[in-house]
Structure formats: structure tokens, C-alpha cells
Amino acid sequence: MIWQIDLMVLTLIVFCAFSAVMVKDLLSAAIIFGAYSFLMCLLWTEMGAVDVAFTEAAVGAGVSTIFMIAAIFRTSRSVKHRSRGRRFYKLIGFFAAAVTGMVLLYGQSDFPGWADPNSPASSHLSPYFITHTISDTAVPNIVTSVLADYRGFDTMFETAVIFTAGIAVIFVLRQYRRDQTDVAGTDEVAYQSPIIQTVSRQMVPFIQLFALYVVAHGHHSPGGGFQGGVILGASFILVGLSYDLRSVLKKMGEGPNIIFGNLGVFLYAGIGAVCILLGANFLDYSVLSRILPATDSVMARSHGILGVEIGVAIAVMAIMIAIYVNISSHGKYDKGL
Amino acid sequence: MDVIIASYNYWIYILLMMIGLYAMLSKNNLVKKIIGMSIFQAAIIVFYVSIGAKRGATIPIIEHGHGHGAAEHAVNVMNYVNPLPHVLMLTAIVVSVSTLGVALAIILGIHRRYGTVEEDEIMEKIQ
Amino acid sequence: MISPEQYPVLIVVIPLLSAFIINVIGWFRKGFSYPLIVLSLIITFYLSVSTLLQVVDGGAISYRLGGWPPPFGIEYVIDHLNALVLVVISFVSLAAAVFSKESVKKELPDRIPQYYTLFILLVTGLLGMTITGDAFNLYVLIEIAALTSYALIAFGRDRALVSSFNYVIMGTVGASFYLLGVGHLYIMTGSLNMGDLLSILPAISGSRAIFVAFLLIIVGIWTKMAFFPLHGWLPNAYTYAPTATGVLVAPLMTKVSVYIMIRLMFSVFSADYVFNTLNVHDIIVWMAVAAIIGGSLLALTQTDFRRMLTYLIVAEVGYMVGGVWLANSAGITGAILHILNDALMTLCLFLVAGIIYHKTRGHHLDDIRGLYRKMPFTMAAFTVGALSMIGVPPTVGFFSKWYLILGAIDAGQWGFMAALIISSLINAVLFFKVIEVGYFEPMHGHHDDGHHEVTIDEAPFSMLAPLYVIAVSLIVVGIYTSSIITNIIAHAVPKGL
């Protein structure tokens with residue numbers, strides 16, 4: 001906790017947020033938004049939330065920005081200036097923001113101070129997790145054990161949220177028929193740089209290896225299924241950006257991708273259901289010791305966590321690819337950006 | 001000074017929320033609204049992570065040696081930040097990227113049908 | 001076999017798992033999606049009914065997910081209130097799924113498996129929202145239900161995409177406010193479990209942060225349920241949605257949000273806090289009056305049948321919110337009973353609107369002309385739904401209104417009582433107008449532009465069967481109202497009001 005850095009980064013964040021909203025060029029806005037996310041990573045690392053920072057780096061500063069840029073590329077880049085007619089909306093927005101701000105400020109006056117070790121949040125539930133994680137689950141990374149075990153049910157639905165988003169994007173955008181006219185119709189072939197292509201091709205295997213490490217080593221270091229899955233998906237997106245979409249689809253076709261997406265979440269929920277079949281409650285991994293060789297109930301929890309993290313990684317990878325492919329090709333699965 | 005340090009994080013998150021909310025409700029361009037929405041959601045994450053901060057504590061990974069039994073020594077709660085808000089915010093980040101994806105898909109659909117992403121032009125075309 | 005102790009979690013897990021099965025099998029064989037979704041919803045319905053019976057016999061059930069004791073793990077708590085709502089959700093969604101066969105085939109022929117995957121994920125989200133005993137778990141499930149409904153609405157007609165986008169914005173604001181409110185509770189108490197929060201909060205009930213938490217949560221939920229000043233997103237979204245989506249979303253989304261409001265008011269903040277410490281119920285009852293009158297009057301000005309129904313939903317939300325904030329047991333009984341009744345009535349009317357759209361490709365009032373002669377069975381069921389909406393005795397609509405009026409008299413809220421009566425009169429005018437158009441006016445020359453002549457006849461069996469089950473249940477539930485109240489709802493009303 002270094003409060004000087006905290007103050008500095010927070011001030012920069014406000015600048016970024018303000019300019020992302022105000023700037024007229026949407027591409028700049030998206031890039032500034034990426035910077036905003038990246039500053040958030042710094043802030044969270046500074047507050048000790050390394051897992052959140054890692055996720056934000058992969059999701060917020062990484063794929064979110066790419067999704068936004070892809071969407072801007074597919075629509076229009078500039079914001080038309082409006083001098084009249086928006087006054088009503090501006091007034092509503094200003095009023096809502098002002099009221100919300102005042103209410104929140106009113107409530108804030110009662111908060112325990114920032115980083116107070118004796119605040120209720122730090123003294124009610126969290127000591128249990130900190131002191132019991134090793135003896136309950138043998139996982140030193142408390143965030144992983146709380147994420148995948150104590151609150152594993154949340155995480156299952158979090159994966160289901162990602163899955164839902166993927167299916168929703170496919171549902172809204174996918175064009176099965178060829179005859180639909182496209183207003184955006186951009187048909188020029190983008191310039192493809194051989195340098196970028198070569199470098200990306202060299203990097204992809206290492207990125208994927210790193211992603212697997214992040215998934216596998218989530219018990220002991222920051223990271224886990226989400227971060228690893230996003231990085232795996234990003235490696236495919238990199239191929240799509242430096243080459244074109246067809247080379248992604250050659251590696252990961254539409255059908256296999258959907259099956260991977262389903263399989264990942266199914267693996268998570270399936271492990272939970274196996275626990276029921278073995279006579280325990282849903283997601284109570286300790287009972288897995290009966291079918292896993294040479295494990296006691298504590299190590300069974302550890303292995304159960306690894307199993308669901310792998311499921312999360314598969315699902316997140318597939319869905320990230322699906323969202324990118326659909327947004328960048330307008331649901332046509334052709335050449336992409 | 002102590003008052004400022006104790007509350008600065010909360011003031012900033014309130015400010016970020018106001019910026020995001022204003023953009024969501026007032027901007028004419030749909031992509032701008034979505035950027036506002038993401039700022040708004042990130043502001044909430046700032047709030048939660050700030051709850052988890054703890055003075056004099058380190059990241060929530062129990063210090064452990066190599067091999068089994070190395071981590072058997074007693075764990076002092078004061079040494080580790082509160083992990084629970086981090087877990088909740090991992091979920092919130094994932095939710096926000098999901099919402100972003102769906103919202104962008106809808107924007108692309110709107111652009112396909114109306115040829116614009118400016119709200120007033122869309123409204124003119126509907127009438 | 002699986003013991004009944006596991007039923008609570010299976011209610012949520014069975015639809016979730018079948019979402020993946022439907023998606024994968026549907027990718028290869030589109031035709032299997034429909035039987036699979038019906039099958040899994042039948043199982044879900046069976047599980048929720050037997051859970052309700054367990055609760056009625058033995059009181060509230062608690063289920064520990066992952067085997068962790070609350071408040072450290074996530075807990076499911078099923079008491080009389082949410083057991084009833086679970087049955088309503090699984091029943092309504094089963095009827096909607098059975099109904100959807102023909103309309104999905106016609107409106108979304110090339111994306112049937114995706115549609116049904118999203119459909120059942122939405123049901124999963126609603127069931128999970130209802131059953132959970134954890135404030136943050138509730139947020140995650142709210143988002144699942146929200147994301148699916150954005151997509152399900154987006155693929156409708158005309159301006160569906162634009163209204164879906166507005167729904168994304170408003171839905172995200174609502175859910176984020178809820179999340180922020182939970183954050184305020186967390187910073188003040190350190191807990192997320194509803195039961196645990198209920199035991200901690202009285203000690204700090206004077207805190208400003210708790211008041212702000214309450215405000216944020218309530219405003220967030222109101223945005224989700226389209227309570228009057230925040231209702232702007234609802235009419236367009238529900239009018240232009242695909243038929244099968246409207247049939248599922250319109251009866252359930254607002255009702256589940258009302259349930260969430262009741263749950264949070266009484267199981268997190270306690271009745272004592274919301275009614276005695278805060279003392280805001282007069283204002284909220286007057287807002288409900290505005291919702292009822294405003295919704296009814298706006299409905300009166302519509303010329304599109306389905307759009308008219310969406311404004312009636314806004315008015316009905318006013319009934320329920322007002323009933324809860326009357327702060328006495330008759331009012332709350334009426335509000336809870338109305339969750340059940342209104343879900344059935346809205347479903348009945350949206351099924352009729354869906355059939356009319358399926359047959360005439362429109363749901364303007366003009367499209368209804370002469371339909372009593374062409375589709376006598378459909379319109380007979382419509383008449384039952386309309387009578388229930390007006391509040392004519394043996395139908396369910398009468399009983400919940402009766403309790404709401406009793407509650408209004410008890411609380412001395414004459415404005416609310418007047419609003420209920422005025423709204424019933426407006427409903428009578430509205431529905432008799434529709435009946436008049438359908439019964440007396442001659443058949444309209446259908447679709448002069450038509451490249452193919454539409455011959456209107458009675459709807460197929462897969463549409464009529466759920467409609468008739470619902471129409472009959474409007475009367476049967478009405479007859480058994482008193483036993484529903486004594487066995488279930490009476491236990492759900494907080495003691496000592």
C-alpha cells in the first residue's frame with residue numbers, strides 16, 4: 001500500500017475517463033479506454049489485488065479494447081457533432097449523475113477509512129479464508145480457493161455468463177444466408193505486413209504455452225482459468241489480426257469452437273454433478289477422493305479446483321474467439337478486419 | 001491529509017461513476033454510450049477493490065516453501081489483504097466484458113439495419 | 001437415486017446442463033432442440049413442485065453449495081415465498097416453451113438451437129435469482145437473465161434492436177446500482193449472506209451508508225422491474241420482441257424482480273427497518289399510484305394490442321410494489337398473491353397475442369376484427385384472461401385485488417384504493433373495446449399487399465394446449481385461493497405487522 005502511487009494513478013484515471021468520453025474520434029476513445037483499463041491494473045496491483053489486475057490486463061486492456069476497435073472498424077469512426085437537440089438528454093444525464101454522486105458522497109461519509117485493517121470487511125469473513133485455505137484446500141492462492149471452491153457456485157455462473165454472451169453474440173450477428181445486403185460493405189483488402197505476420201507467428205506458441213502455465217499454476221500464483229483462457233483466446237485473435245480471419249477459422253472452425261465453449265462450462269457443472277452422484281452436495285469436491293487415486297479429501301478439493309479451472313479456460317477461450325470472429329466479420333465468417 | 005488518504009479512493013470512484021453515467025445517458029453515439037458503460041462498471045470495481053485494501057498487508061497468496069508441510073506455520077491474518085472482494089470483482093470484470101460483447105453485437109446489428117450509430121439519425125429513420 | 005435433499009440445486013442445474021446439451025445436439029440436429037427443452041422443463045417443474053411440498057410439510061430448507069457452512073460459502077434458502085415463485089417460474093416457462101414450437105420455426109428458422117439455448121439459460125437465471133440466499137450470487141444471476149433477454153429481444157421485428165440497446169443501457173444501470181448497494185452493505189458488515197446480513201444490520205441501522213445501500217438496491221431493482229418513472233425501456237422491448245420471447249419474458253421478468261424486492265426488504269433489511277426506521281412508505285405508495293394510473297391511461301391510448309398489454313404490465317408492477325409498501329399483512333399477502341396471478345394472466349394474454357400474430361402477422365387492433373368467428377377457442381381463452389385482468393370473481397384477478405384493497409383500507413391509503421378501482425374500470429373499457437372489435441366488427445381484408453393469401457383458422461394444438469391449461473388455471477387457482485393463502489403465503493408474510 002503506497003498511498004502516493006494510489007493518489008497519482010487515480011488522478012490519471014480520471015483524466016483518461018474524461019477524455020475517453022469527450023474525444024470526437026472513436027478510435028482514439030477506444031485506445032484511451034484501453035489506457036484507462038491499464039491504469040486500473042496498476043492501481044489494483046498497488047492495492048494487492050494481483051488476480052484482479054491480471055484479469056483486467058487480459059480482459060479490460062486486452063480483448064475489450066480489441067472488441068471495441070473491431071466494432072468501430074465495422075461501423076464508423078467519427079462522432080458527428082451535435083449542437084442542438086441533445087440538450088434534454090444532457091440535462092437528464094447531468095441530473096442523474098449529480099444526484100447519484102451526491103447520494104454516494106452522503107453514504108461515503110460513514111465508511112471506514114481506506115485500507116483500515118479493522119474495518120468490518122477485513123475482520124468478518126476474510127480471516128476465515130486466509131487462515132483456512134491451506135488446511136481446507138491446500139491452495140496457497142486464497143483468491144483461487146475462494147473463487148473455485150468457497151464461492152465456486154458464483155464462478156460456475158460467471159462462466160455461464162461468458163457462455164451466454166458468446167451464444168448471444170452468435171445469435172444476434174451470425175448471418176447464415178449469403179444474400180443479405182450489408183450497409184457497411186467494406187471489401188478492400190487490408191494491407192498485411194510481412195514483419196508483423198512473421199513476428200506474430202513466432203509469438204503464438206509462446207503465448208499459448210504461457211497461457212497453459214497460467215491455468216496450471218493458478219494454485220500458487222496469480223492467474224487461473226479466466227486469465228489463461230483469455231490469453232489462449234487472444235493468441236487466436238492475434239492470428240486473426242495479423243493474417244486474416246480465414247487462418248483463424250482454419251485452426252478453429254465454427255463447429256469445434258462452439259463445442260469447446262459448451263464443453264468447458266459442461267465440465268464445470270459436470271464436476272459439480274459428479275459430487276452429487278457420489279452423495280455429497282453440489283460442487284463439494286472433497287468427495288472426489290473416492291474416485292481419484294491416492295488423494296485425501298483436502299487434495300481432492302485442490303484437484304477439483306484444477307478441474308474446474310481447466311473447464312473455465314476452455315470455455316473462455318472458445319467464447320472470446322467466437323465474439324471476436326462475429327464482431328470482426330459482421331457474422332459472416334469471411335475475411336475479418 | 002489523513003482524511004484525504006482515507007477517502008480519496010471513494011471520491012474518485014464516485015467521480016468515475018458520474019462520468020460513466022453521464023456518458024451512458026447523454027451521448028448521442030451508441031459506441032460512446034458503451035464506453036461510458038465500461039467506465040461505469042470499472043468504477044464499481046475500484047470501489048470493491050478499495051474495500052479489500054489493508055494497510056501493511058501483502059498480496060493474498062499464503063507464503064509457502066517448497067514441498068509438502070512447508071506451509072504449516074501459523075498464518076497471520078494481518079499480513080494478507082482481504083481476498084473476497086477480489087473474487088467478486090473477477091466476476092464483475094467477466095460480466096462487464098460479456099455485456100460489452102453483447103452490446104457491441106447489438107450496435108453492429110443496428111448499423112447493419114439503419115446504416116448509422118448516431119441515436120438521433122436512427123430515430124429519424126424509424127419514424 | 002438422488003435424494004430429495006438435492007432437489008433445490010437440481011432445479012437450477014438441470015436447466016443449466018440442458019442448455020449445453022441443447023446447444024451441442026442442436027448444432028447437429030435442429031429438430032431435437034424443442035423436445036429437449038420441453039423435457040428438461042418438465043423435470044424442473046416436477047422438482048420445484050416437490051420442493052414446494054417439502055417446504056409446506058417441513059418448513060424452510062437450507063442447502064449448502066460446496067458443503068461450506070454459511071456465511072463462508074454460498075447458501076440456498078427455500079422458504080414458502082420462493083418455493084411458490086419457483087413453481088410459478090417453472091410452470092410459466094414450461095407453458096411458454098411448449099407454445100414456442102411453431103412461432104420459433106416461423107420467425108427464427110435458421111437459429112433454433114441458439115434460441116432455445118438462450119431461452120433455457122434465461123429460465124436458469126430466473127430460477128437462480130429466486131432460490132439464492134446470497135446477495136452477490138443474486139447479482140451474477142441477474143446478469144445471466146439480463147444478457148439472455150437482451151439477445152432474445154434483439155432479434156425481433158421493426159425497432160427491436162434499438163429497444164434492446166436501450167434495455168442494455170437501463171439494465172446495466174439497474175444491475176450496477178444493485179451491485180453498488182451490495183458493496184455498501186459489504187463495506188459496513190463484511191458479509192454477503194442474506195441471513196447473516198439480517199442479523200448484523202439492526203446494530204448499525206442508523207448508518208447513512210446503510211440507507212444509501214438500501215436506496216441503491218431499491219432503485220436498481222425498480223429499474224429492472226420498470227417501476228413507473230423508470231419504465232421507459234419496457235414497452236418497446238416487449239412489443240417488438242419475437243413472439244416466443246414475449247411469452248416468456250413478459251410474465252416473468254417483472255414478477256421475479258418484485259419477488260427480489262420483497263426478499264431483500266424482509267430478508268436482508270428486515271421489515272422493522274424498511275417500515276419503521278425509514279418511514280418512506282407513503283411516498284412509495286404514491287409512486288405506485290402514479291404507476292397504476294399512468295400505465296392504465298397509456299394503455300388506453302394504444303392501438304396495438306401487444307403494446308397495450310405492455311403498458312398494463314407497468315400498471316401491474318404498481319399494484320405489487322404499492323401492495324408491499326402498504327406495510328400490513330393484507331397488502332403484502334395481496335402483492336405476493338398477485339405475483340402468482342399476474343404471471344398467469346399476463347401469460348394468458350401474451351399467448352393470445354402470440355397466436356394472433358402467428359395467424360395474422362400483426363397484433364394491431366385491426367387485426368383482431370372478426371376473430372371470434374375465425375378462432376373461437378383462442379378468443380374464448382382471451383375472454384377468461386380479460387375478465388381476470390378486470391378482476392371479475394371466480395378468476396384470480398379478483399382475489400389479489402380484493403386483498404390489495406383490504407390492505408389499502410387497513411393502511412388508510414385511499415389514493416391507492418382509488419387507483420386500484422380506477423385501473424379496474426380502465427381495464428374493463430380496454431378489454432371490452434377489444435372484445436367488441438373481435439366479436440362485432442366484420443373481418444378485415446387481410447394484407448392487401450399480400451403475395452400469398454392468409455387464411456385464418458384456429459391455432460395449432462401446440463399453441464392451444466398451453467393456452468387452455470393457463471386459462472383453466474386462472475379459474476382453478478382462483479377457486480383454491482384461500483388454501484394457497486393459508487398454506488403458503490401466510491408463512492411468507494413477515495410476522496408482527
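For region C:92-126, which residues satisfy the criterion of being more than 14 Å from chain A (Cβ to nearest Cβ), of a type outside the set (Lys, Arg) and farther than 14 Å from C:Gly246 by Cβ? C:Leu94, C:Val98, C:Glu102, listed by residue number.
Considered as a group, the residues in region A:1-15 that are aliphatic (A, V, I, L, M) and touching a residue at least 12 places away in the same chain (Cβ under 8 Å) include one that is surrounded by the fewest Cβ atoms within 10 Å (Cβ to Cβ), and that residue is A:Ile2. Only one of the listed residues (B:Ile34, B:Ile4, B:Ile19, B:Ile39) is more than 7 Å from chain A (Cβ to nearest Cβ), of a type in the set (Val, Ile, Thr) and either closer than 30 Å to C:Ser164 by Cβ or surrounded by 24 or more Cβ atoms within 10 Å (Cβ to Cβ) (or both). That residue is B:Ile34. Contact map, region A:43-58: first residue facing chain B (nearest Cβ under 7 Å) and at positive phi, second residue surrounded by fewer than 24 Cβ atoms within 10 Å (Cβ to Cβ) and hydrophobic (A, V, I, L, M, F, W, C), Cβ cut-off under 6 Å, separation 6 or more or different chains; pairs are A:Gly48/B:Ile59. With respect to A:Thr75, is the statement that it is hydroxyl-bearing (Ser, Thr, Tyr), within 14 Å of chain C (Cβ to nearest Cβ) and touching a helix residue (DSSP H, G or I) at 6+ places or on another chain (Cβ under 7 Å) true? Spelling it out, A:Thr75 is indeed hydroxyl-bearing (Ser, Thr, Tyr), within 14 Å of chain C (Cβ to nearest Cβ) and touching a helix residue (DSSP H, G or I) at 6+ places or on another chain (Cβ under 7 Å).
Every condition in (1) surrounded by fewer than 20 Cβ atoms within 10 Å (Cβ to Cβ); (2) out of contact with any strand residue (DSSP E or B) (no Cβ under 6 Å at 6 or more places or on another chain); (3) under 21 Å from B:Ala105 (Cβ atoms) is met by A:Val59 except one, and the failing one is (1). When A:Gly279, A:Gly261, A:Gly270, A:Gly307 are checked against the criterion of being of a type in the set (Gly, Ala, Ser), surrounded by fewer than 24 Cβ atoms within 10 Å (Cβ to Cβ), within 11 Å of chain C (Cβ to nearest Cβ) and part of a helix (DSSP H, G or I), a single residue qualifies: A:Gly270. Checking region A:155-165 against the condition returns no match, with no residue being crowded, with 24+ Cβ neighbours inside 10 Å, touching a residue at least 24 places away in the same chain (Cβ under 8 Å) and part of a strand (DSSP E or B). Is it true that A:Ile69 is buried (at least 16 other Cβ atoms within 10 Å of the Cβ), of a type in the set (Val, Ile, Thr), more than 11 Å from chain C (Cβ to nearest Cβ) and out of contact with any Pro (no Cβ under 7 Å at 6 or more places or on another chain)? It is true that A:Ile69 is buried (at least 16 other Cβ atoms within 10 Å of the Cβ), of a type in the set (Val, Ile, Thr), more than 11 Å from chain C (Cβ to nearest Cβ) and out of contact with any Pro (no Cβ under 7 Å at 6 or more places or on another chain).
Looking at region A:67-80, is at least one residue in contact (Cβ under 8 Å) with a residue 12 or more places away in the chain and over 26 Å from A:Ser328 (Cβ atoms)?
Kept after step one, since they are in contact (Cβ under 8 Å) with a residue 12 or more places away in the chain, are these residues of region A:67-80: A:67-79.
Right, trim to over 26 Å from A:Ser328 (Cβ atoms) and you get none.
Checked region A:67-80: no residue is in contact (Cβ under 8 Å) with a residue 12 or more places away in the chain and over 26 Å from A:Ser328 (Cβ atoms).
For beta carbons closer than 7 Å, sequence separation of 6+ or different chains, a first residue in region B:100-127 that is more than 7 Å from every other protein chain (Cβ to nearest Cβ) and a second that is part of a helix (DSSP H, G or I) and buried (at least 19 other Cβ atoms within 10 Å of the Cβ), the qualifying pairs are B:Tyr114/B:Ile122; B:Thr116/B:Ile122; B:Glu119/B:Leu30; B:Lys125/B:Tyr114. Taking the conditions exactly as written (within 12 Å of chain C (Cβ to nearest Cβ), buried (at least 20 other Cβ atoms within 10 Å of the Cβ), under 26 Å from A:Cys41 (Cα atoms) and among the charged types (D, E, K, R)), does A:Asp136 satisfy them or not? Here the answer is no, as A:Asp136 does not meet what is asked.
Criterion applied to C:Leu198, C:Leu192 was being within 11 Å of another protein chain (Cβ to nearest Cβ), within 30 Å of B:Asn82 (Cβ to Cβ) and modelled with pLDDT under 95, and the one residue passing it is C:Leu192.
Confirm whether A:Phe67 is modelled with pLDDT of 90 or more and closer than 20 Å to B:Tyr10 by Cα. Criteria not met by A:Phe67.
Can you work out which of the residues in region A:16-33 that are more than 7 Å from chain B (Cβ to nearest Cβ) and surrounded by fewer than 20 Cβ atoms within 10 Å (Cβ to Cβ) is nearest to A:Ile5 (Cα to Cα)?
Step one: list which residues in region A:16-33 are more than 7 Å from chain B (Cβ to nearest Cβ), which gives A:16, A:19, A:22-25, A:27-28, A:30-32.
Cutting the leftovers down to surrounded by fewer than 20 Cβ atoms within 10 Å (Cβ to Cβ) gives us A:19, A:22-25, A:27-28, A:31.
Working: A:Ser19: 21, A:Met22: 26, A:Val23: 27, A:Lys24: 30, A:Asp25: 30, A:Leu27: 29, A:Ser28: 26, A:Ile31: 23 Å.
So, considering only residues that are more than 7 Å from chain B (Cβ to nearest Cβ) and surrounded by fewer than 20 Cβ atoms within 10 Å (Cβ to Cβ), the one nearest to A:Ile5 (Cα to Cα) is A:Ser19.
Note on region A:172-221: among residues that are of a type outside the set (S, T, N, Q), assigned to a loop (DSSP other than H, G, I, E, B) and modelled with pLDDT of 65 or more, the one that is surrounded by the most Cβ atoms within 10 Å (Cβ to Cβ) is A:Gly218.
The test for being over 30 Å from A:Gln4 (Cβ atoms) and free of Cβ contacts under 8 Å to residues at least 12 places away in the same chain does not hold for B:Ala6. Note on region A:107-154: residues that are more than 19 Å from A:Asp284 (Cβ to Cβ) and part of a helix (DSSP H, G or I) amount to 12.
Suppose we filter A:Ala61, A:Ala57, A:Ala30, A:Ala20 for residues that are modelled with pLDDT of 90 or more, in contact with a helix residue (DSSP H, G or I) (Cβ under 9 Å, 6 or more places away or on another chain) and over 16 Å from B:Gly36 (Cβ atoms); which single one remains?
Numbers: A:Ala61 fails: modelled with pLDDT of 90 or more; A:Ala30 fails: over 16 Å from B:Gly36 (Cβ atoms); A:Ala20 fails: over 16 Å from B:Gly36 (Cβ atoms).
Result of the check over A:Ala61, A:Ala57, A:Ala30, A:Ala20: A:Ala57.
If you go through region C:120-137 one residue at a time, do you hit one that is crowded, with 24+ Cβ neighbours inside 10 Å and more than 28 Å from B:Leu84 (Cα to Cα)? Within region C:120-137, one or more residues are crowded, with 24+ Cβ neighbours inside 10 Å and more than 28 Å from B:Leu84 (Cα to Cα). Among the residues of region C:240-297, those that are among the polar types (S, T, N, Q) and crowded, with 24+ Cβ neighbours inside 10 Å comprise C:Thr243, C:Thr245, C:Thr254, C:Ser257, C:Ser296. Selection of helices (runs of 4 or more DSSP H) fully inside region C:205-308 by the criterion of at least 3 residues being within 15 Å of the chain's Cα centre (by Cα) returns C:208-225, C:234-240, C:243-267. Checking each residue in region C:3-23 for being of a type in the set (S, T, N, Q) and either under 21 Å from the mean Cα position of the chain (by Cα) or closer than 22 Å to C:Ala97 by Cα (or both) picks out C:Ser18, C:Asn23. Within region A:282-300, the set of residues being in contact with a Ser or Thr (Cβ under 8 Å, 6 or more places away or on another chain) and more than 8 Å from chain C (Cβ to nearest Cβ) comprises A:Val287, A:Leu288, A:Ser289, A:Thr295, A:Asp296, A:Ser297, A:Val298, A:Met299, A:Ala300. For region A:311-335, filtering for residues that are surrounded by fewer than 24 Cβ atoms within 10 Å (Cβ to Cβ) and touching an Asp or Glu at 6+ places or on another chain (Cβ under 7 Å) leaves 2. Within region A:260-274, no residue that is on the phi < 0 side of the Ramachandran plot sits with its Cβ atom under 6 Å from a residue that is modelled with pLDDT under 90 and β-branched (Val, Ile, Thr) at 6+ positions apart or across chains.
The values are calculated or read from the model by the stated rules, or taken from the named source; none is laboratory data. Predicted model only: the values in this text are computed from it and were never measured. Because the Cβ atoms are built from the backbone with ideal geometry, glycine has one as well, and the counts that use them run over all protein chains shown.
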